[in-house]
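The values are calculated or read from the model by the stated rules, or taken from the named source; none is laboratory data. Note that the structure is a prediction, hence the values are computed from the model and not measured. Positions of Cβ are backbone-derived with ideal geometry, glycine not excepted, and every protein chain shown enters the neighbour counts. To get the accessible areas, we keep the full protein, side chains included, count just its heavy atoms, and leave off ligands, DNA and RNA. Shrake-Rupley method; radii C 1.70, N 1.55, O 1.52, S 1.80 Å.
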Amino acid sequence: MFKIKDECGKARTGRLKLRSCTIKTPFFMPVGTKAAVKNLSPEQLKETGTECIIANSFVLSLKPGSKLIQKHGGLHEFMKWKKGIFTDSGGFQAGSKDFLVGISDKGIKFRNPYGGKAELLMPETAKLIQEELGSDVAMALDDMPNPTAPFEKVKQSVIRTNEWAERFIKAKIDKKQLIFGISQGGIYKELREFSAKSINSMDFDGLAIGGLAIGETKRQMFAALSATIAHYGKNKPRYLMGLGSPEDILVAVEQGVDCFDSILPTQNARRATLMTFNGTVHYKTSKYSKDFSPIEEDCDCYACKNFTKAYVCHLLKTYENFGLTLATIHNIRFMQRLMEKIRAAIRAGDYPAFRKEFIKNYKA
Ligand SMILES: [Zn+2]
């Protein structure tokens with residue numbers, strides 16, 4: 001299922017075999033919460049080198065309903081995406097005051113934004129929904145506290161996350177759907193270690209690190225990550241949820257993380273911010289309106305091969321939808337090129353030098 005190929009310090013490359021495809025690791029997943037990556041068709045997404053996306057099973061269960069998608073032939077068929085799909089369970093939405101009613105040992109009570117009805121999401125229902133969707137990888141339901149919440153509160157959520165993880169595993173019927181457990185623990189080393197050991201001891205196919213990159217300092221984040229990874233078995237893929245900044249991905253890969261997802265490239269595109277190996281540029285305030293060169297000289301994406309900075313600038317300034325498409329294609333291709341370069345550097349055994357060089361140029 002997961003095979004390590006090359007190692008450079010703690011960083012590693014590998015292959016993750018899913019039922020729809022095999023993915024080269026470390027890899028980056030664009031976010032397609034509601035079964036679409038914003039502003040892209042599946043063909044455009046595939047052309048960016050994307051091998052896997054992450055959708056949100058809880059959001060899809062509210063609209064259009066997981067049973068409808070199942071009837072449609074599953075999520076892959078529904079959205080015409082033949083490659084990998086991870087589905088998140090909804091634990092993250094519990095952090096949103098718009099959704100959350102309350103959390104008990106039983107599950108998470110949400111207010112359905114489409115109609116206001118209260119819905120109870122339990123580990124068992126989270127698994128059932130993800131099986132109905134037929135994703136490649138189902139994420140366990142976790143109780144995600146604010147990472148800097150008081151120790152006792154985070155401890156309670158770690159204990160609950162363990163109990164929910166066990167219930168989630170018991171609810172598994174679909175043998176071909178991989179399941180990933182999620183550890184929590186906020187910024188507390190002791191809790192991170194306890195949570196990592198517990199989740200690692202359970203029968204999961206992959207191990208995720210949750211509740212990070214949401215407001216704590218970078219120092220706290222990387223300390224929590226290293227406390228977790230120290231107790232994660234080497235032979236299972238490790239997924240740091242929600243981390244998307246290129247500098248942070250580079251540090252996490254160095255610690256041995258294999259899998260990432262973030263809204264960053266698509267959100268940046270919607271804010272007219274283009275990502276390049278020489279840093280990010282805000283196109284609405286850039287001096288590019290008379291620049292006839294591509295967004296990035298050596299980028300092989302559809303936007304860079306066909307259009308100029310001047311054109312992309314014009315589209316973004318005039319709110320043309322095609323501008324968002326071009327910006328999204330380029331930003332996602334940037335992330336995938338970054339991951340390709342990361343894998344090549346690990347393979348070549350010079351990952352630390354690559355990381356240093358990247359940071360130097362990206363910050364320049
Ligand atoms: Zn490009």
Matching residues in segment 212-221 - criterion: being farther than 11 Å from L243 by Cβ and either of a type in the set (V, I, T) or modelled with pLDDT under 95 (or both): G215, E216, T217
With respect to I85, is the statement that it is among the hydrophobic types (A, V, I, L, M, F, W, C) and within 21 Å of the chain's Cα centre (by Cα) true? yes
Can you tell me which residue is farthest from Y362 (Cα to Cα) among those in segment 311-336 that are of a type in the set (A, V, I, L, M, F, W, C) and near the ligand (Cβ under 9 Å from one of its atoms)? L326
If you take just the helices (runs of 4 or more DSSP H) that sit entirely in segment 1-77, which of them hold at least 2 residues that are basic (K, R)? 66-71
Breaking point among (1) open to solvent by less than 30 Å² (accessible area, probe 1.4 Å); (2) under 17 Å from the mean Cα position of the chain (by Cα); (3) not charged (D, E, K, R), for G95: (1)
V281 touching a residue at least 60 places away in the same chain (Cβ under 8 Å) and either crowded, with 21+ Cβ neighbours inside 10 Å or over 28 Å from E190 (Cβ atoms) (or both): no
Checked against (1) more than 11 Å from the ligand (Cβ to nearest atom); (2) free of Cβ contacts under 8 Å to residues at least 24 places away in the same chain, G349 satisfies every condition except (2)
If you check every pair at least six apart or on different chains, which have Cβ atoms under 9 Å apart with a residue in segment 101-124 that is closer than 16 Å to T161 by Cα and open to solvent by 60 Å² or more (accessible area, probe 1.4 Å) first and a residue that is modelled with pLDDT under 90 and acidic (D, E) second? K109/E119
Quick one: in segment 300-310, which of the residues that are buried (at least 20 other Cβ atoms within 10 Å of the Cβ) and part of a helix (DSSP H, G or I) is farthest from the ligand (Cβ to nearest atom)? K309
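Can you pull out the residues in segment 135-179 that are part of a loop (DSSP other than H, G, I, E, B), hydroxyl-bearing (S, T, Y) and modelled with pLDDT of 95 or more? If you could, list the steps in order and put the result at the bottom.
First pass over segment 135-179, keeping only residues part of a loop (DSSP other than H, G, I, E, B): 135-136, 140-150, 171-177.
With hydroxyl-bearing (S, T, Y) added as a condition, the list becomes 135, 148.
Residue satisfying the conditions is S135 alone.
Only one of these is under 19 Å from T50 (Cβ atoms) and either in contact (Cβ under 8 Å) with a residue 60 or more places away in the chain or in a loop (DSSP other than H, G, I, E, B) (or both): G211, G233, G244, G256. Name it. If you could, list the steps in order and put the result at the bottom.
On the way: G211 fails: under 19 Å from T50 (Cβ atoms); G233 fails: under 19 Å from T50 (Cβ atoms); G256 fails: under 19 Å from T50 (Cβ atoms).
From the options G211, G233, G244, G256, the qualifying one is G244.
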In segment 85-95, is there at least one residue being out of contact with any Phe, Trp or Tyr (no Cβ under 8 Å at 6 or more places or on another chain) and farther than 27 Å from K176 by Cβ? yes
Taking the condition farther than 23 Å from M122 by Cβ and not aliphatic (A, V, I, L, M), does K197 pass? yes
Selection over segment 57-75 where residues are under 18 Å from the mean Cα position of the chain (by Cα) and either at pLDDT 95 or above or over 20 Å from D261 (Cβ atoms) (or both) yields a count of 3
Which of the residues belonging to segment 309-364 are under 22 Å from L45 (Cβ atoms) and in contact with a strand residue (DSSP E or B) (Cβ under 7 Å, 6 or more places away or on another chain)? A327, H330, N331, I332, F334, M335, Q336, M339, R343
Filter pass, K117 being at pLDDT 95 or above and of a type in the set (K, R): no
K309 is checked against (1) of a type outside the set (V, I, T); (2) in contact with a Ser or Thr (Cβ under 8 Å, 6 or more places away or on another chain); (3) within 21 Å of L250 (Cα to Cα) and fails just one. What number does that condition carry? (3)
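From the residues in segment 287-299 that are open to solvent by less than 50 Å² (accessible area, probe 1.4 Å) and over 23 Å from K46 (Cα atoms), which one is farthest from the ligand (Cβ to nearest atom)? Reasoning before the result, please.
Narrowing segment 287-299 to residues open to solvent by less than 50 Å² (accessible area, probe 1.4 Å): 291, 293-296, 299.
With the extra rule that they be over 23 Å from K46 (Cα atoms), the set shrinks to 291, 293.
Values: D291: 14, S293: 12 Å.
Out of the qualifying residues, it is D291.
So for segment 269-278 (the condition being under 30 Å from Q184 (Cα atoms) and either at pLDDT below 95 or open to solvent by less than 40 Å² (accessible area, probe 1.4 Å) (or both)), does at least one residue qualify? Before the answer, list the steps.
We begin by selecting, within segment 269-278, every residue under 30 Å from Q184 (Cα atoms); these are none.
Looking through segment 269-278, none of the residues is under 30 Å from Q184 (Cα atoms) and either at pLDDT below 95 or open to solvent by less than 40 Å² (accessible area, probe 1.4 Å) (or both).
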